[in-house]
Amino acid sequence: MIAIVYHSAGGNTKAIAEAIASILPDSQLYRVSEVDSSALSAFDGLIVGTYTWGNGELPAKMAAFYRELETLDLTQTVTAVFGTGETNYQHFCGAVDIFRDMLFAKSRLAVTLKIEQMYQETDYVKINRFASLFRAKLSNSQEHTLS
Ligand SMILES: Cc1cc2nc3c(=O)[nH]c(=O)nc-3n(C[C@H](O)[C@H](O)[C@H](O)COP(=O)(O)O)c2cc1C
């Protein structure tokens, strides 16, 4: 089972979260404010979605979630990070980079994705690719028994 945990103020990040959830039928979508993070290590996969705030920073709710994730054992969990931002800021999608660095060290990070504001039809190729790279790493991590 895959958990998609996202935070969105204006709807841009939410729209991608919903698009990814529709591509991955074995996923559950959670707003960050409603997720019980202690339950997340039980999932095979975790996808985090965030917008960027301040000067390339995590929004407050995502900063709290980040600290909670740091306390979990995610060594077997396949993860991915996506986010929306605006390229006219100095650190485009800085929040994605912050989660990427932590999850690269702590988990089996598969893929990251940065999108400019509300995704366009042309971004759909990248969103599909994101989902299939995540799915591929998830399949690789499962034990195969041949007999
Ligand atoms: C005060 C403020 C600061 C922002 N800082 C950044 C930033 O540093 N980097 C970035 O890429 N986007 C930044 N953004 C843009 C948002 O991340 C972007 O609009 C995003 O798509 C919003 O997502 P949402 O609709 O899911 O809330 C900022 C927006 C606001 C209002």
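How high is the relative contact order of the range 2-141, given as a whole-number percent (alpha carbon pairs under 8 Å, six or more residues apart)?
Relative contact order of the range 2-141: 26 percent.
Placing unit charges on C-beta atoms (Lys and Arg positive, Asp and Glu negative, everything else neutral), compute the dipole magnitude of the range 2-141 about its Cα centre in debye, rounded to 20.
Numbers: 12 positive and 15 negative charges, 49 e Å.
Using only the charged Cβ atoms, the result is roughly 240 debye.
Between residue 31 and residue 106, what is the spin-label point distance in nm, taking each point 7 Å from the Cα along the Cα→C-beta axis?
Distance between the two pseudo-spin positions: 2.3 nm.
To test your reading of the geometry: what angle, between 0 and 90 degrees and rounded to tens, separates the Cα axis of helix 124-141 from the longest principal axis of the chain?
Compared with the principal axis, the helix lies near 30 degrees.
Is the shape of the range 29-91 best called rounded, prolate or oblate, per the rule: a/c under 1.5 gives rounded, else a/b larger than b/c gives prolate, else oblate, with a ≥ b ≥ c the square roots of the Cα gyration tensor eigenvalues? Intermediate results must be reported in sequence, preceding the final value.
On the way: a/c = 2.23, a/b = 1.90, b/c = 1.18.
Prolate is the answer for the range 29-91, as a/c is 1.5 or above and a/b outweighs b/c.
If amide hydrogens are placed 1.01 Å from N in the peptide plane, which non-local residues have theirs closer than 5 Å to the one on residue 93?
86
Could you do me a favour and compute the accessible area per residue for the chain, 1.4 Å probe, result in Å²?
On the way: 7740 Å² over 147 residues.
That works out to 53 Å² per residue.
Compute the angle between helix 60-70 and the longest alpha-carbon principal axis of the chain, please, reported from 0 to 90 degrees and rounded to the nearest 10.
Between helix and principal axis, roughly 30 degrees.
Under 23 Å between alpha carbons: how many lysine pairs meet that in the chain, if sequence neighbours fewer than 8 apart on the same chain are excluded?
Value for the chain: 10.
Taking a ≥ b ≥ c as the square roots of the eigenvalues of the Cα gyration tensor of the range 90-147, is the shape rounded (a/c under 1.5), prolate (a/b larger than b/c) or oblate?
Details: a/c = 6.15, a/b = 1.54, b/c = 3.98.
Since a/c reaches 1.5 but b/c is at least a/b, the shape of the range 90-147 is classed as oblate.
Can you pull the semi-axes for the range 1-49, root of five times each eigenvalue of the Cα gyration tensor, sorted largest first, whole Å?
On the way: eigenvalues 60, 37, 8 Å².
Working from the Cα gyration tensor, I get semi-axes of 17, 14, 6 Å.
Where a ≥ b ≥ c are the square roots of the eigenvalues of the C-alpha gyration tensor, would you call the range 13-136 rounded, which needs a/c under 1.5, or, failing that, prolate if a/b is larger than b/c, or oblate? Please list the in-between numbers first.
Numbers: a/c = 1.60, a/b = 1.13, b/c = 1.41.
The shape class here is oblate.
For a quick protection proxy, order the peptides 61-69, 130-138 by their average other-Cβ count within 10 Å, most packed first.
Those peptides, ordered most packed to least, come out 130-138, 61-69.
Please compute the modelled spin-label separation between residue 126 and residue 86, points set 7 Å along Cα→Cβ, answer in nm with one decimal.
1.7 nm
Count the DSSP beta bridges whose two residues both fall in the chain, then state the antiparallel fraction as a percent rounded to the nearest 5. Walk me through the intermediate numbers first.
Values: 1 of 27 bridges.
Roughly 5 percent of the beta bridges in the chain run antiparallel, per DSSP.
Give me the distance between the Cα centres of the range 92-147 and the range 19-45, rounded to whole Å.
Cα centres, the range 92-147 to the range 19-45: 14 Å.
Under a 5 Å amide H to amide H cut-off, with H placed in plane at 1.01 Å, what residues pair with residue 3 once short-range neighbours are removed?
When sequence neighbours closer than 5 places are left aside, the close amide H contacts are 28, 45, 46, 47.
The values are calculated or read from the model by the stated rules, or taken from the named source; none is laboratory data. This is a predicted model, so every value here is computed, not measured. Cβ sites come from the backbone with ideal geometry, for glycine too, and all protein chains shown count toward neighbours. To get the accessible areas, we keep the full protein, side chains included, count just its heavy atoms, and leave off ligands, DNA and RNA. Shrake-Rupley method; radii C 1.70, N 1.55, O 1.52, S 1.80 Å.
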